[in-house]
Amino acid sequence: MDIDLQESVFQFTSRELAVKREQLTLNTCLSHDLRIAGDDGYDFMVAFRDEYKVDLTDFSLEFYFGSESGCFFPLAPFIYLYWWLFKPEQLKQPRITIQDLVNAANTKKWQERSENLA
């Protein structure tokens, strides 16, 4: 693995998401650790695609980042209960780590991994 490419992805992520480079590791998860969701995830991945010329044809934004929209707070427990009872497989949101970004930048193509599920 090209160390310069790895550091470049760290610097890119730090700059785009306004986080300190020291906070990022190869295992840092965009959605869970950095709380990137919805439109922010879209903007980040478009910038990533443009910066590293990565083919994101197989990338599904909703699959990784969900929606930014919230819900009426008093209804939140009932909505969660509904999802838990009737759609538990959708509670497992796949994760994108910095390592996934480095791999994609290296191969110039987004690769789905079954083990990136939460």
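Would you please name the residue that is nearest to F63 (Cα to Cα), looking only at residues in segment 31-50 that are of a type in the set (F, W, Y) and buried (at least 17 other Cβ atoms within 10 Å of the Cβ)?
That would be F44.
Look at segment 17-30 and say how many of its residues are part of a helix (DSSP H, G or I) and closer than 23 Å to F63 by Cα.
Adding up the residues that qualify gives 1.
Report every pair of residues separated by at least 6 positions or lying on different chains whose Cβ atoms are under 6 Å apart, first residue within segment 24-46 and farther than 22 Å from K109 by Cβ, second in a loop (DSSP other than H, G, I, E, B) and among the polar types (S, T, N, Q).
G38/S67
Exactly one of these conditions fails for S14: (1) modelled with pLDDT of 95 or more; (2) assigned to a loop (DSSP other than H, G, I, E, B); (3) of a type in the set (G, A, S). Give me its number.
(2)
The values are calculated or read from the model by the stated rules, or taken from the named source; none is laboratory data. Predicted, not measured: the structure shown is a model, and the values here were computed from it. Ideal geometry is used to build each Cβ from the backbone, glycine not excepted, and the neighbour counts take in all protein chains shown.
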